[in-house]
Amino acid sequence: MLLTVDALRVIYPIKRGWPVPGTHRLTAVDGVGFSVDTGEALGIVGESGCGKSTVARAILRLVEPSAGKVVFAGVDIARLPLRRMRHLRPKLQMIFQDPAASLSPRMRIGAALAEAIRVHDIAKGNAINDLVRNALDEVGLPPNSVDRYPHEFSGGQKQRIGIARALVLSPDLIIADEPVSALDVSVQAQILNLMARLKAERGIAFVFISHDLGVVRHFCERTSVMYLGQVIESGATRAIFDAPAHPYTRLLRSVSPVPDPERTAAPLVFEGEPPSPLDPPGGCRFHPRCPFVTGVCRTTMPDLRPVAARQVACHHAESLPANEDAP
Amino acid sequence: MNDAPETGPPPRKVRSPGWHAIVIGASIMVVVILAALFAPLIAPHDPYAQSMLARFRPPSAEYWLGSDRFGRDTFSRILYGLRITLWTALASTVMAMVTGTAAGILSGYHGGRVDRWISAANDVLMSFPQMVAGIIIVALLGPGVTNLIIAIAITTFPAFYRMARSAALALRERDYIDACRVLGYSDLRIVSRHILPETMDDMIVIATLWLATAVRTESSLAFIGLGAPPPAATLGGLVREGFDNLLDFPGLAIWPSLAILVVMIGLNLMGDGLRDANDPRTSA
């Protein structure tokens, strides 16, 4: 396994209260585990605030993990001193949600890409320029882009620049945090195709974080569904999307648009908002919104367990009524 | 601002707000700085040459703005006074800008304990009114141009520190700084190549505004006798010397005061203009 995340926890101390603020613990990520193999794409889906971005940031040490293991290429990087982590970073890159914000505004594209190469001593002299041009070519940008500033490019082009900046370091794994959700639909497809090509040709593995099930279904072999800091269903993308086993996955799928004019099933309407991660409900975290809730759901937190060729965290995964809109 | 589409008619050239203020302020300062630089060529008299026969002369063809009680030419002394005053203001502001920006970025980017300690020290410094702090520091260090520069720099430090700290705090949360960390850049590189250049615009604008304050602080300290020691001519010192004979020969205090006023107006116009031009809210 290229990347194995095990029991990852991220706890933010936050100050709340008046007149004397107390320190509360906000558990943004609560025991998340998954693994990604070389050249594979894993999707992480969930609604906003479920902790999926925090998982990405904790793997990359942009926030400090509070507990758990992140084993990348055989090294546990969750506890590694940041200084030593720097040497591993070229192999573990990231693509950001807002391509405009992820580029230094005052740096020409060529300089930005060359800086990454120089810092890691990947090439010297003219070889740097060749690497930069090759990377730009690979993401479909003209060679004269090197002399231009980020604001001269469109959103999709900026995202290509972000990808090129990761590519010059020859990464083994790219963590893509909502890489296309800030882009127009037509541009989304181009960026997704580019990433699919990199996966196929360069064998780069992806952790693909998104709230857009359609995009994940298109790109990822396996998918983990997160709810309130936990993985509640995980397995092959096709199996999960065709026959979701967890009530929350069903909800997610029913509200995501499907390009099928014949399909008329009304979206499931579940009650309520996701609860605050400051004060998560006891038992199963989904129980206040779940239509199939029983007594055991309110008292006991379900563990992930194998059901129908996937992992599901639901007490009643086998006994739930069949999917009413199954294909 | 630069997101204009490539098609369509070329955009009309719009002058940024504050343009007039910058031009007028800069013109005043060019004249003032040239006058100070070429003082030895312009000044009709040696500013330190005393003459018991030419005391308290009224303005005339020989003494354009009159002479003081030692018979020294007021106009020449103002020209030479500009040199010391401008040098003091410039040196102290640059000193405050460099140290304040460095400490502010360190504080804002690093956060945690370093930030708490530097901020606490800065708060102590800020709790003194600028003049009082200046008086205390000059009194501790002793008079002299160098000590004056240090004193003004210390009292101006908080302005730059706070500005740089808040800028670094905001930039630290930006995606492209996260991107730098993911790319494996060292903290030193991130700060010097990616944060510092972003803050420089703001720092230069406030430096121009604080330059005016530095001129005023220098004049005020000189006026209460803590400036460059006599016989050196500084604008504040000239006002003080003239003050002794204010009722009989008011020109001795008024002319250098007017010189201070002109410098202040020039610097403030420039600073305000730069600020308006730099402020995205006013540059629509």
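Identify, please: which residue in the stretch B:189-222 is hydroxyl-bearing (Ser, Thr, Tyr) and over 26 Å from B:Asp276 (Cα atoms) and is, among those, surrounded by the fewest Cβ atoms within 10 Å (Cβ to Cβ)? Spell out how you get there, then give the answer.
Initial filter on the stretch B:189-222 (hydroxyl-bearing (Ser, Thr, Tyr)): B:192, B:199, B:208, B:213, B:217, B:219-220.
Narrowing further to those that are over 26 Å from B:Asp276 (Cα atoms): B:192, B:219-220.
Numbers: B:Ser192: 12, B:Ser219: 27, B:Ser220: 18.
By that ranking, first place goes to B:Ser192.
Would you be able to say whether some residue in the stretch A:99-112 is closer than 25 Å to A:Ile59 by Cα, within 11 Å of another protein chain (Cβ to nearest Cβ), among the small types (Gly, Ala, Ser) and without any contact (Cβ under 8 Å) to a residue 40 or more places away in the chain?
At the first step, the residues of the stretch A:99-112 found to be closer than 25 Å to A:Ile59 by Cα are A:99-104, A:112.
Next, only the ones that are within 11 Å of another protein chain (Cβ to nearest Cβ) stay: A:99-104, A:112.
Going one step further and asking which of them are among the small types (Gly, Ala, Ser), we end up with A:100-102, A:104, A:112.
Now restrict to residues that are without any contact (Cβ under 8 Å) to a residue 40 or more places away in the chain: A:101.
Checked against the condition, which is being closer than 25 Å to A:Ile59 by Cα, within 11 Å of another protein chain (Cβ to nearest Cβ), among the small types (Gly, Ala, Ser) and without any contact (Cβ under 8 Å) to a residue 40 or more places away in the chain, the stretch A:99-112 yields at least one hit.
Sort through B:Thr99, B:Thr88 and tell me the only one that's touching a residue at least 12 places away in the same chain (Cβ under 8 Å), of a type in the set (Val, Ile, Thr) and within 23 Å of B:Val263 (Cβ to Cβ). Can you show your working first?
Details: B:Thr99 fails: within 23 Å of B:Val263 (Cβ to Cβ).
Result of the check over B:Thr99, B:Thr88: B:Thr88.
Would you pick out the residues in the stretch A:53-62 that are over 11 Å from the mean Cα position of the chain (by Cα) and at the interface with chain B (Cβ under 10 Å from one of its Cβ atoms)? Walk me through how you get there before you give the answer.
Here is the first cut: in the stretch A:53-62, the residues over 11 Å from the mean Cα position of the chain (by Cα) are A:58, A:60-62.
Scanning the stretch A:53-62 gives A:Leu60, A:Arg61, A:Leu62.
Out of all the residues in the stretch A:119-130, is one or more within 11 Å of chain B (Cβ to nearest Cβ), crowded, with 17+ Cβ neighbours inside 10 Å and modelled with pLDDT under 95?
Yes, there is a match, as at least one residue in the stretch A:119-130 is within 11 Å of chain B (Cβ to nearest Cβ), crowded, with 17+ Cβ neighbours inside 10 Å and modelled with pLDDT under 95.
Please determine whether any residue of the stretch B:64-76 is modelled with pLDDT of 85 or more, in a helix (DSSP H, G or I) and closer than 28 Å to B:Ala151 by Cα. Can you show your working first?
Start the filter on the stretch B:64-76 by keeping residues that are modelled with pLDDT of 85 or more, which leaves none.
No.
Quick one: in the stretch A:287-315, of everything that is modelled with pLDDT under 90 and hydrophobic (A, V, I, L, M, F, W, C), which residue is nearest to A:Thr23 (Cα to Cα)?
Top of the filtered list is A:Cys290.
Taking A:Thr54 and the conditions (1) out of contact with any Lys or Arg (no Cβ under 8 Å at 6 or more places or on another chain); (2) among the β-branched types (Val, Ile, Thr); (3) in a strand (DSSP E or B), which numbered condition does it fall short on, given that it satisfies the others?
Every condition holds for A:Thr54 apart from (3).
From the list B:Asn147, B:Asn122, which one is out of contact with any Asp or Glu (no Cβ under 7 Å at 6 or more places or on another chain) and either modelled with pLDDT of 90 or more or more than 17 Å from B:Ala222 (Cα to Cα) (or both)? So that I can check it myself, show each step before the final result.
On the way: B:Asn147 fails: either modelled with pLDDT of 90 or more or more than 17 Å from B:Ala222 (Cα to Cα) (or both).
After ruling out the rest, the residue left standing is B:Asn122.
Restricting the search to the stretch A:80-136, which residues are under 22 Å from the mean Cα position of the chain (by Cα) and more than 27 Å from A:Gly39 (Cα to Cα)?
Matches in the stretch A:80-136: A:Ala100, A:Ala101.
From the set of residues in the stretch A:69-94 that are buried (at least 19 other Cβ atoms within 10 Å of the Cβ) and more than 9 Å from chain B (Cβ to nearest Cβ), which is nearest to A:Val231 (Cα to Cα)?
A:Val70
Within the stretch B:159-207, track down each residue that is outside any helix (DSSP H, G or I) and among the aliphatic types (A, V, I, L, M).
Restricting attention to the stretch B:159-207, the residues satisfying the condition of being outside any helix (DSSP H, G or I) are B:173-174, B:183-186.
Across the stretch B:159-207, the qualifying residue is only B:Leu183.
Taking the stretch A:140-171 only, how many residues are in contact (Cβ under 8 Å) with a residue 12 or more places away in the chain and either more than 14 Å from every other protein chain (Cβ to nearest Cβ) or not in a loop (DSSP other than H, G, I, E, B) (or both)?
20
Name the residue that is surrounded by the most Cβ atoms within 10 Å (Cβ to Cβ), counting only residues in the stretch B:223-248 that are over 18 Å from B:Val145 (Cα atoms) and out of contact with any Gly (no Cβ under 9 Å at 6 or more places or on another chain).
Taking the stretch B:223-248 first, the residues over 18 Å from B:Val145 (Cα atoms) are B:242-248.
Next, from what is left, pick out any that are out of contact with any Gly (no Cβ under 9 Å at 6 or more places or on another chain): B:243-248.
On the way: B:Phe243: 13, B:Asp244: 13, B:Asn245: 15, B:Leu246: 13, B:Leu247: 6, B:Asp248: 9.
Residue satisfying both the conditions and the ranking: B:Asn245.
When you scan the stretch A:213-220, do you find a residue that is within 14 Å of chain B (Cβ to nearest Cβ) and among the basic types (Lys, Arg), even just one? Show your work before the answer.
Here is the first cut: in the stretch A:213-220, the residues within 14 Å of chain B (Cβ to nearest Cβ) are none.
No, the stretch A:213-220 contains no residue that is within 14 Å of chain B (Cβ to nearest Cβ) and among the basic types (Lys, Arg).
Does any residue in the stretch A:302-322 that is at positive phi and in a loop (DSSP other than H, G, I, E, B) come within less than 8 Å, Cβ to Cβ, of a residue that is surrounded by 18 or more Cβ atoms within 10 Å (Cβ to Cβ) and not acidic (Asp, Glu) six or more places away or on a different chain, and which pairs are these?
From residues that are at positive phi and in a loop (DSSP other than H, G, I, E, B), the pairs are A:Ala308/A:Ala245; A:Ala308/A:Ala317; A:Ala309/A:Gly235.
Could we say that B:Phe38 is surrounded by fewer than 17 Cβ atoms within 10 Å (Cβ to Cβ) and within 19 Å of B:Arg240 (Cα to Cα) here?
Numbers: surrounded by fewer than 17 Cβ atoms within 10 Å (Cβ to Cβ): yes; within 19 Å of B:Arg240 (Cα to Cα): no.
Spelling it out, it is not the case that B:Phe38 is surrounded by fewer than 17 Cβ atoms within 10 Å (Cβ to Cβ) and within 19 Å of B:Arg240 (Cα to Cα).
For the stretch B:223-241, state whether one or more residues are more than 11 Å from chain A (Cβ to nearest Cβ), acidic (Asp, Glu) and within 18 Å of B:Gly134 (Cβ to Cβ). Please lay out each step first, then the result.
From the stretch B:223-241, those more than 11 Å from chain A (Cβ to nearest Cβ) are B:223-241; that's our starting set.
Still in the running and acidic (Asp, Glu): B:241.
So of that shortlist, the ones also within 18 Å of B:Gly134 (Cβ to Cβ) come out as none.
No, the stretch B:223-241 contains no residue that is more than 11 Å from chain A (Cβ to nearest Cβ), acidic (Asp, Glu) and within 18 Å of B:Gly134 (Cβ to Cβ).
In the stretch A:178-186, is there at least one residue being under 23 Å from the mean Cα position of the chain (by Cα), away from chain B (no Cβ under 14 Å), outside any helix (DSSP H, G or I) and of a type in the set (Asp, Glu)?
Yes - at least one qualifying residue is present in the stretch A:178-186.
Looking at the stretch A:127-138, I want the residues that are within 16 Å of A:Gly162 (Cβ to Cβ) and have a partner that is of a type in the set (Gly, Ala, Ser) with Cβ atoms under 6 Å, at least 6 apart or on another chain. Which pairs are those?
Note: pairs meeting the criteria are A:Val132/A:Gly110; A:Val132/A:Ala114; A:Ala135/A:Ala164; A:Leu136/A:Ser145; A:Leu136/A:Ala164.
Would you be able to tell me the number of residues in the stretch A:24-51 that are under 18 Å from A:Glu221 (Cα atoms) and either assigned to a strand (DSSP E or B) or within 14 Å of chain B (Cβ to nearest Cβ) (or both)? Lay out the reasoning, then the answer.
Start the filter on the stretch A:24-51 by keeping residues that are under 18 Å from A:Glu221 (Cα atoms), which leaves A:33-46.
Filter once more, so that each one left must be either assigned to a strand (DSSP E or B) or within 14 Å of chain B (Cβ to nearest Cβ) (or both): A:33-36, A:41-45.
Here the count works out to 9.
When the residues of the stretch B:166-188 are narrowed to those that are more than 32 Å from the chain's Cα centre (by Cα), surrounded by fewer than 22 Cβ atoms within 10 Å (Cβ to Cβ) and of a type in the set (Gly, Ala, Ser), which ends up farthest from B:Asn122 (Cα to Cα)?
B:Gly184
Would you check which residues across the stretch A:24-60 are polar (S, T, N, Q) and farther than 19 Å from A:Ile95 by Cβ and list them?
Keep residues of the stretch A:24-60 that are polar (S, T, N, Q), which gives A:27, A:35, A:38, A:48, A:53-54.
Within the stretch A:24-60, A:Thr27, A:Ser35 meet the criteria.
Based on what the data block shows, is B:Ser220 polar (S, T, N, Q) and within 14 Å of chain A (Cβ to nearest Cβ)? Explain how you work it out, then say what you get.
On the way: polar (S, T, N, Q): yes; within 14 Å of chain A (Cβ to nearest Cβ): no.
No.
Output the number of the condition that B:Val191 fails; it satisfies all remaining conditions of (1) more than 14 Å from chain A (Cβ to nearest Cβ); (2) touching a Phe, Trp or Tyr at 6+ places or on another chain (Cβ under 7 Å).
Unmet for B:Val191, out of (1) more than 14 Å from chain A (Cβ to nearest Cβ); (2) touching a Phe, Trp or Tyr at 6+ places or on another chain (Cβ under 7 Å): (1).
Answer yes if at least one residue in the stretch B:81-91 is at pLDDT below 85 and β-branched (Val, Ile, Thr), and no otherwise. Please lay out each step first, then the result.
Of the stretch B:81-91, the ones at pLDDT below 85 are none.
Within the stretch B:81-91, not a single residue is at pLDDT below 85 and β-branched (Val, Ile, Thr).
The values are calculated or read from the model by the stated rules, or taken from the named source; none is laboratory data. Owing to the predicted nature of the structure, the values given are computational and were not obtained by experimental measurement. No Cβ is skipped: glycine too gets one built from the backbone with ideal geometry, and neighbour counts run over all protein chains shown.
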